[in-house]
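A short write-up of the structure that comes next.
The values are calculated or read from the model by the stated rules, or taken from the named source; none is laboratory data. Here the structure is a predicted model, which is why all the values come from computation and not from measurement. FYI the Cβ positions are ideal-geometry reconstructions off the backbone, even for glycines, and counts take in every protein chain you see. Side chains are part of the model used for accessible areas, which takes the heavy atoms of the whole protein and leaves out ligands, DNA and RNA. Shrake-Rupley method; radii C 1.70, N 1.55, O 1.52, S 1.80 Å.
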Amino acid sequence: MQFLWMHVKDLVGKGVEISVLAEFFIYAVMSLVPMALPLAILLASLISFGNLGEKFELTAMKSAGVSLFRILRPLAIAVAGISIGAFFFSNNVLPKSQMKLWTLIFSLRQKSPALDIPEGEFYDGIDGYNVYVRHKNAHTGLLYDLMIYDFSKGFSNATVMLADSGKLYFTEDKQYLLLCLYSGESFENLQQDQQRAMKAERNIPYRRETFATKQILIDFSSEFSRYDESVLEDQHVSKNVVQLVQSIDSVNHLAQQKSMEQSNELVKRHYFGREQFIDRKLPEGVSYDSELDIDSIFTSLSVYNQMSVMNTMVDKAIQKRDMIQYNSLILNDNQSYVRKHEIELYRKFTLAFACLIFFFIGAPLGAIIRKGGLGAPVVISVVLFIIYYIIDNMGYKMAREAIWPCWAGMWLSSFVLLPIGIFLTYKAATDSALLNPEAWIKIWEHSKEYFVKIKDKCVQLKKH
């Protein structure tokens, strides 16, 4: 639903066919599978082991000498297989679905909206035109009391048309819109020619036309045309692991090469004006850095030459600053390109690994709380997944903004949740009452009794 509301403006009012909408939703669902699968495993493991604990089946198995690790072993193997499948899904299926999804989104954004001119308000769905219709006849299709502003030739050559009635038709090839107007007049501004513009005349000439019938052909394609999918082949979302690694290596090599070229050029040619002395031979034993006294050379010049030199140096400093900023933009683009690819590369592994982590959180937690059904497990699963999503999103943003390394940002959620899974598995294996509400209720009752006894002792001491 969140993804749908993000792109609702691309779907509503476009007259898109049901098959295109169904294709859109199928690709959108595929993009959510890697994120929904860990939550499904967490909820399933919580419900399953919660039911086993609630019906004392875990207790029966443990009393028969079967440890919790032996009970978890076949399910852990099955979840490991699901994790491997999730990785191959993210590596092979998801890039193709993402490429098709974003190609479809770009195609929907470029589609013209469905032609439905409302009554009593201006309609700007036709590019370059604003149309006002006072009322219309739904049976005949006639539009009455029309006012049309035509800005297709520019605002300076705007045309205003008024008509008593009119009708709209699509041409047979659905590429043009034919507007037939009846009993009206038009006013058109004429752009001033060069001589009148030079004379700065205030009066702008215009043309007035009265017509009984007038036809206007408007370029308005109502067909849905798809973009070529090849335009997204170089994007990080449409690549598998091998392609991502190749892109990262090639762009990193180009960025390092470009950085070295820029630094060498800056030092050799544009550092303290060395380009003026690069072809000159200094006396033996004299170097640019040690023996060249810039201050003495500058003070030996006249005041006029000093001002000229200062202005020249300021201009050169501005040029060098602009050159450095331009080079920095080029390098930042390459670094941003690499970061996006590295984030996508690590994401394919972290989402698969999250399935294993959530299993080792959900199964021990269900064995500890001993609550099955769809009540407590759903609440606990949603809370845990929200925590995971917040941590994962924070790490992603840190990696995207280059605050943290990409591997640290994308593996942050795994680093946080893995110790929790290990801790819960240990507590469940040792029959800990960590999250057993009955145990906490007993502790509370015992503590109440203890405090009552202390209170009675204090009262007796006060009397004495």
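For ALA36, the conditions (1) among the small types (Gly, Ala, Ser); (2) closer than 18 Å to ALA352 by Cα; (3) in contact (Cβ under 8 Å) with a residue 24 or more places away in the chain all hold with the exception of (3). Against the conditions (1) within 30 Å of TYR426 (Cβ to Cβ); (2) among the hydrophobic types (A, V, I, L, M, F, W, C); (3) out of contact with any Gly (no Cβ under 9 Å at 6 or more places or on another chain), PHE49 satisfies every one except (3). Being within 18 Å of SER336 (Cβ to Cβ) and outside any helix (DSSP H, G or I) is true for just one of ASP234, ASP249. Which residue is that? Testing whether each residue is within 18 Å of SER336 (Cβ to Cβ) and outside any helix (DSSP H, G or I) leaves just ASP234.
Give ILE71, ILE84, ILE41 a once-over and let me know the one that is touching a Lys or Arg at 6+ places or on another chain (Cβ under 9 Å) and among the aliphatic types (A, V, I, L, M).
Values: ILE84 fails: touching a Lys or Arg at 6+ places or on another chain (Cβ under 9 Å); ILE41 fails: touching a Lys or Arg at 6+ places or on another chain (Cβ under 9 Å).
Matching residue, one of ILE71, ILE84, ILE41: ILE71.
When ILE71, ILE126, ILE148, ILE105 are checked against the criterion of being open to solvent by less than 30 Å² (accessible area, probe 1.4 Å), in a loop (DSSP other than H, G, I, E, B) and not basic (Lys, Arg), a single residue qualifies: ILE126.
In the list LEU217, LEU254, which residue meets the criterion of being more than 21 Å from GLN335 (Cβ to Cβ), at pLDDT below 90 and open to solvent by 40 Å² or more (accessible area, probe 1.4 Å)? Step through it out loud before you land on a result.
On the way: LEU254 fails: more than 21 Å from GLN335 (Cβ to Cβ).
Being more than 21 Å from GLN335 (Cβ to Cβ), at pLDDT below 90 and open to solvent by 40 Å² or more (accessible area, probe 1.4 Å) holds for just one of LEU217, LEU254, which is LEU217.
On the stretch given as the stretch 406-418, residues that are open to solvent by less than 70 Å² (accessible area, probe 1.4 Å) and without any contact (Cβ under 8 Å) to a residue 12 or more places away in the chain total 0.
With respect to (1) within 30 Å of ALA28 (Cα to Cα); (2) modelled with pLDDT of 80 or more, the lone exception for ASP164 is condition (1).
For the stretch 352-397, what are the residues that are within 21 Å of the chain's Cα centre (by Cα) and open to solvent by 20 Å² or more (accessible area, probe 1.4 Å)? Matches in the stretch 352-397: PHE385, ILE386, ILE387, TYR389, ILE390, ILE391, ASN393, MET394, TYR396, LYS397.
What are the pairs with Cβ atoms under 7 angstrom where one residue, in the stretch 8-32, is over 16 Å from PRO95 (Cβ atoms) and the other, located anywhere, is modelled with pLDDT under 70 and part of a helix (DSSP H, G or I)? Sequence gap at least six, or different chains. Pairs found: ASP10/ARG109. For the stretch 56-95, residues that are touching a residue at least 60 places away in the same chain (Cβ under 8 Å) and farther than 17 Å from ALA429 by Cβ total 13.
When the residues of the stretch 393-405 are filtered to those that are touching a residue at least 24 places away in the same chain (Cβ under 8 Å) and in a helix (DSSP H, G or I), which remaining residue is nearest to LEU365 (Cα to Cα)? Before you say what the answer is, go through the steps one by one.
The first filter runs over the stretch 393-405 and keeps only residues touching a residue at least 24 places away in the same chain (Cβ under 8 Å), leaving 396, 399-400, 402.
Then keep just the ones that are in a helix (DSSP H, G or I); that gives 396, 399-400.
On the way: TYR396: 27, ALA399: 31, ARG400: 33 Å.
Taking the candidates together, the pick is TYR396.
Once the stretch 329-352 is narrowed to residues that are touching a Pro at 6+ places or on another chain (Cβ under 9 Å) and of a type outside the set (D, E, K, R), the residue that is nearest to MET410 (Cα to Cα) is LEU351.
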